[in-house]
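Asker: After the structure tokens below, expect a handful of questions from me.
The values are calculated or read from the model by the stated rules, or taken from the named source; none is laboratory data. Since this is a predicted model, take the numbers as computed values, not measurements. Heads up, the Cβs are rebuilt from the backbone with ideal geometry, glycines too, and the neighbour counts pull from every protein chain shown.
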Amino acid sequence: MAIFELIKRRITTRRDLRTRLWRAGGLLVVFMLTMFVCNCVISKDRAVTWDMLGHDFLAFYYGGTCARTGHYDQLYDLSATRAFEFKTGHEAGLSMGKSFGPWWNPPFSAWMFASLSALPYLEALHVWWTIGLISLGISIYLMCRMLDGGWKTKLLVPLLILPMMPCFQAFCHGQNTYVSLLLLTTTVTLWRSGKSVLAGIVCGLLFYKPQLGALVAVVLVLSQGRRAMLGVCLTGTALVLVNMLTMPGTMHEFAYHMPLNMQWIQEQIVYRWERHITFKAFWRIAIQGWSVGPTAMSVKIMWGLSELAVLVGLAMLVFKTPSSERSGLGRDRLISAAIIAMPLLMPFYFDYDLLLLTVGVVVLAADMQRIAKEQPSANWEDRWLVGVLATVYIGLEFTMLLYESRIHPIVPLLSFATVLLIRRGLRTQTMSATESQPILFPAALAA
């Protein structure tokens, strides 16, 4: 009986939120370590082995090789890409299937990988992983600085980011998500510090992967004005000049061939739409499933209506936020809403890039901390927002289990969170007191 009483007391005792989050983070770490140990002991034909890692880096390695050797006219040549990646992969001892990864980015982005392409593939991959982990560490440090409180609050950020599934996926694929996270975190840090020109300059660098920089740049310019526009234009002009001087003619290739390449891979072969957390992918899977062929008109209509609704809400948030609030409370709410909505509005946004949502959640946490100093409680909308973000986080941890579903729940959950963030930004009245200590949950949900 004493054991049952102890268990009952443990369950019914209400602990502070920070303690519960530390325990939740610990459970996530134990879960990921358990998965790692299980992967090490099961048979190799069922396990994830080292020769399966870093395959996405093949496309970057190809782009860097094209830039370094002057064969930039082959960046968007699918036949040349396939031949190079299979040859490089087999020579490096990778486990190659039948698929390959085209070069999706603007031509000038290939210069990021030119020096790495001079190394043997595995050495280049290891250097790239090192760069990525350094970028991740700096990003986490900058996000921790956005929050008030002691180390027990700040360290909740890395505790819940590191075992996050998109963080794990970005490493295993050899993706550039960690670098993107650093650029976005730096942009937001400068933005919140009132350094609009510098924020615009760094934000312009995000256009090495346009789907990550477009919405953030628009909101930054509309909210901060000419100084932010100057920064974005400076970087944009520099990138265009680099492209014109070092890769003449490739912008035309990017504008013409890249959409054709995307059309081929998404419509003429069986495509993994479930890997995209976008309105387009959501409606495509829900209506057409995984069938090969062009996107149906009904999908385009639903996709367009969904995007229009979110864009109208964001536009209202930008233009109805008084200029005096665009350097404080209103600014943080604009930032968090734009970053959370970003995946939904893009036509191409992979699940591993959802790691960038952590920046928006941390900004939301910082906003709630500021409010909690005067009103240490949250209304029902904020409680719903915290709950939805928690559900998104849990869903991302088990995202691979959702790949066979015709309805990917992450998209409607992110949509609901975006609506709540827009409503929150449009609110002018003081939040009502309903629950204490609301801040620690979204701060820890920086994943």
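Asker: Please work out if Met1 is over 24 Å from the mean Cα position of the chain (by Cα), within 22 Å of Asn261 (Cα to Cα), modelled with pLDDT under 85 and not small (Gly, Ala, Ser).
Answerer: no
Asker: While we're looking at this one, here's another question. Is one or more of the residues making up the stretch 425-436 more than 24 Å from Ile285 (Cβ to Cβ), touching a Lys or Arg at 6+ places or on another chain (Cβ under 6 Å) and at pLDDT 85 or above?
Answerer: Looking for residues that are more than 24 Å from Ile285 (Cβ to Cβ), touching a Lys or Arg at 6+ places or on another chain (Cβ under 6 Å) and at pLDDT 85 or above, one finds at least one in the stretch 425-436, hence yes.
Asker: Then there's this: Considering only the stretch 273-292, state which residues are free of Cβ contacts under 8 Å to residues at least 24 places away in the same chain and out of contact with any Phe, Trp or Tyr (no Cβ under 8 Å at 6 or more places or on another chain).
Answerer: Within the stretch 273-292, Ile287, Gln288, Ser291 qualify.
Asker: Please specify each residue of the stretch 231-267 satisfying the condition of being of a type outside the set (S, T, N, Q), exposed (fewer than 13 other Cβ atoms within 10 Å of the Cβ) and farther than 27 Å from Ser99 by Cβ.
Answerer: The answer is Leu241, Leu245, Pro248, Gly249, His252.
Asker: Are there any pairs, at least 6 apart or on different chains, whose C-beta atoms fall under 9 Å, with the first in the stretch 233-251 and on the phi > 0 side of the Ramachandran plot and of a type in the set (A, V, I, L, M, F, W, C) and the second modelled with pLDDT of 90 or more and buried (at least 16 other Cβ atoms within 10 Å of the Cβ), and if so, which?
Answerer: Every condition considered, no pair remains.
Asker: Tally the residues that are under 24 Å from Gln211 (Cα atoms) and free of Cβ contacts under 8 Å to residues at least 24 places away in the same chain, restricting the search to the stretch 100-129.
Answerer: Matching residues across the stretch 100-129 total 0.
Listed here are the residues, each with its yes/no results for (1) touching a residue at least 24 places away in the same chain (Cβ under 8 Å); (2) within 14 Å of Ala59 (Cβ to Cβ); (3) under 19 Å from the mean Cα position of the chain (by Cα); (4) surrounded by 21 or more Cβ atoms within 10 Å (Cβ to Cβ).
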| residue | (1), (2), (3), (4) |
| --- | --- |
| Glu91 | yes, no, no, no |
| Ser95 | yes, no, no, no |
| Lys98 | no, no, no, no |
| Ile131 | yes, no, yes, no |
| Pro163 | yes, no, yes, yes |
| Phe171 | yes, no, yes, no |
| Tyr178 | yes, no, yes, yes |
| Thr187 | yes, no, yes, yes |
| Ser193 | no, no, no, no |
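Asker: Of everything in the stretch 191-215, what is under 25 Å from Leu344 (Cβ atoms) and among the aliphatic types (A, V, I, L, M)? Give them in sequence order.
Answerer: Correct list: Ala199, Val202, Leu205, Leu206, Leu212, Ala214, Leu215.
Asker: Restricted to the stretch 197-235, and to residues that are farther than 23 Å from Pro343 by Cβ and of a type in the set (Gly, Ala, Ser), which residue is farthest from the chain's Cα centre (by Cα)?
Answerer: Gly225
Asker: Within the stretch 250-285, work out how many residues are of a type in the set (Phe, Trp, Tyr) and under 19 Å from Leu345 (Cα atoms). Quick ask: steps written out before the conclusion?
Answerer: From the stretch 250-285, those of a type in the set (Phe, Trp, Tyr) are 254, 256, 264, 271, 273, 279, 282-283; that's our starting set.
Keeping just the survivors that are under 19 Å from Leu345 (Cα atoms) gives 273, 279, 282-283.
Selection size over the stretch 250-285: 4.
Asker: While we're on this one: Considering the stretch 56-99 alone, what residues qualify as being assigned to a loop (DSSP other than H, G, I, E, B) and aliphatic (A, V, I, L, M)?
Answerer: Let us first name the residues in the stretch 56-99 that are assigned to a loop (DSSP other than H, G, I, E, B), namely 56, 70-71, 75-77, 92-99.
Those that are assigned to a loop (DSSP other than H, G, I, E, B) and aliphatic (A, V, I, L, M): Leu75, Ala92, Leu94, Met96.
Asker: Now, a different point. Do you know which residues across the stretch 100-125 are within 27 Å of the chain's Cα centre (by Cα) and either at positive phi or part of a loop (DSSP other than H, G, I, E, B) (or both)?
Answerer: Matches in the stretch 100-125: Phe100, Gly101, Pro102, Trp103, Trp104, Asn105, Pro106, Ala114, Ser115.
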